[in-house]
Amino acid sequence: MTAVLQLGLTAERGGGRAEAVGDFAEFVRISMPGLLRYGHALTGNPHDAADLVQSVLEKVGSRWASVLRKGDDPLAYVRRAMANTHISVWRRRRRENLVADFPDTGAVAPELSRLDNEPLWQALRDLPPRQRAVIVLRYYENLSEAEIAKALGISCGTVKSQSSKAMASLRTRLGKD
Amino acid sequence: MDDIDDELRKLFNDDRLDVHVTPDATSSVVRGAQRRRRRRAAATGTFAVVAVIGAGIGLTQLRPLALDSADDLLPTSSSTASTTPPPPSVSTYTQTVTVTVDPPVGGVPNTAQNGTTAPNTTKSSSTSTTKESAPGVFGRLALGMSEEDALKTGSLGTAGTPTEAGCKPYSSVSNADPSTVLISSAKGIVRIKLPDTARTSKNIGTGSKVTDLKNAYPSAAVNGSELVVQMTATPAWVYVFENDGTAVTSVRMRLADNDCPGA
């Protein structure tokens with residue numbers, strides 16, 4: 001009787017896990033296009049966007065059950081994670097790529113986006129990632145300053161200052177100041 | 001400013017921001033998530049195994065540590081204790097004494113000098129059926145040790161006049177009492193007096209209350225003004241607690257089978 005009960009519990013747990021994985025796969029399938037688009041806006045190029053989405057979704061998927069238990073909107077959770085991950089990745093790359101001199105020639109062709117000819121897009125790509133994230137969350141996600149602050153884990157004052165600096169940079173680059 | 005606002009909104013609504021989704025994108029993400037979960041589970045399992053092994057090793061080391069502490073008993077004047085750095089695992093030892101209901105350690109831990117040995121007389125009250133067991137060792141001296149070996153330890157002080165039975169008294173390097181150690185030519189060391197500052201592993205020493213002594217050593221037998229505790233060891237020996245009916249006035253370790261009257 002005990003053995004039967006244990007088997008039943010195991011099957012129940014296994015079934016729960018299979019269901020959770022199924023939910024996650026469905027979530028990925030449905031949200032992937034929007035997340036890639038959002039990642040494109042955040043990173044400035046489609047390849048980095050794909051890497052960012054893949055990385056964050058894998059992390060979230062490995063803890064899918066606990067993400068669901070928290071009761072947050074999974075999509076909002078993933079987007080916040082993407083913004084923060086992008087900023088962290090940029091910090092790491094910035095440390096790794098600092099060199100004293102420019103290379104003689106570009107070894108790798110720059111990754112082109114279909115928006116590369118847009119001056120605003122170019123100006124946006126040149127922003128530091130946190131400023132860029134603030135702009136994306138503000139104009140892409142239509143989040144308020146408080147929501148942006150919560151998403152990025154920073155204060156409202158920092159959001160305001162980052163936004164102000166970003167807009168000033170964009171105006172300067174576009175010759176609109 | 002409004003121009004840039006509008007341009008940004010227009011830019012972020014641009015269809016060119018769309019990124020093509022590869023057909024295997026979903027399965028790739030799901031596989032990656034499963035891989036991460038497995039890796040994390042493996043890491044957690046490894047950590048758990050390491051923790052269990054570590055805990056096991058720690059537990060196995062605690063008991064020898066307690067015995068070592070007893071074996072390292074020093075002739076216990078305060079000056080000697082102060083020159084001896086406390087072992088780094090003092091807290092561990094203290095915990096052992098506290099947790100172990102019936103620590104089978106005789107002698108006097110040097111940690112007692114630092115006041116770190118947890119008083120455990122109340123806990124010992126639950127050990128009424130415990131048979132006391134500990135080696136008859138005090139510092140580098142051991143009951144039954146030959147005079148020659150005892151002298152080699154450097155723990156003996158000056159020799160006194162041998163008794164009629166041929167037993168030779170010695171002071172120790174930390175105790176000026178001329179009869180701290182009594183050595184029989186046939187049995188070796190037959191008695192070691194403990195200094196007033198010393199405490200047994202059950203925190204009994206000169207000045208301890210007799211009630212505490214009886215709680216710590218329920219097997220203590222009355223012998224005149226003494227309470228005697230038989231210790232199971234090879235060679236067999238006893239703790240002799242002299243007392244005035246209220247408190248312990250002196251403690252000595254005595255070889256059970258000895259040929260020195262009055263030892």
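A few remarks follow.
- Solvent exposure ordering (accessible area, 1.4 Å, most first) of B:F12, B:F47: B:F47, B:F12
- For the range B:160-263, the convex hull drawn through the C-alpha positions has a volume of 103 cubic angstrom per residue.
- J(HN,Hα) series, the range B:141-156, from Karplus relation 6.51 cos²θ - 1.76 cosθ + 1.60, nearest Hz, glycine and proline x: 9, 9, 4, x, 5, 5, 4, 4, 5, 5, 5, 5, 5, x, 8, 7
- HN-Hα J in Hz across the range A:134-141 - Karplus 6.51, -1.76, 1.60, θ = phi - 60°, x for Gly and Pro: 4, 5, 5, 5, 6, 9, 8, 8
- Rg and Dmax of the range B:1-58, based on Cα coordinates, read 24.1, 70 Å.
- Cα centroid separation, the range A:134-154 to the range B:181-206 (Å): 78
- Mean Cβ neighbour count within 10 Å, used as a protection proxy, ranking B:226-233, A:55-62 highest first: A:55-62, B:226-233
- Peptide B:31-39 - average C-beta neighbours from other chains (10 Å radius): 5
- Each residue of the range B:194-204 was assigned a 3J(HN,Hα) from its phi angle through the Karplus curve 6.51 cos²θ - 1.76 cosθ + 1.60 (θ = phi - 60°); the sequence is 8, x, 4, 7, 7, 9, 6, 4, 9, 6, 10 Hz, with glycine and proline shown as x.
- Among B:26-33, A:152-159, A:82-89, the order from most to least packed when residues are scored by Cβ within 10 Å on average: A:82-89, B:26-33, A:152-159
- Counted charge near A:V159, where neighbours are those whose Cβ lies closer than 14 Å (Asp, Glu -1; Lys, Arg +1): +4
- Sorted peptide list for A:33-45, A:115-127, A:65-77, criterion being average Cβ within 10 angstrom, highest first: A:33-45, A:115-127, A:65-77
- Chains B and A together bury roughly 3200 Å² of accessible surface, counting both sides and using a 1.4 Å probe on protein heavy atoms.
- Taking the convex hull of Cα positions in the range B:155-219, its mean projected area over all directions (nm²): 5.6
- For the residue pairs B:K168/B:K214; A:K70/A:K150; B:K152/B:K202, alpha carbon separations beyond 23 Å are given by B:K168/B:K214; B:K152/B:K202.
The values are calculated or read from the model by the stated rules, or taken from the named source; none is laboratory data. Nothing here was measured: the structure is a model prediction, and the numbers come from that model. Please note: Cβ atoms are built from the backbone with ideal geometry, for glycine as well, and neighbour counts cover all protein chains shown. Note: accessible area is taken over every heavy atom of the protein model, side chains too, but ligands, DNA and RNA are not part of it. Shrake-Rupley method; radii C 1.70, N 1.55, O 1.52, S 1.80 Å.
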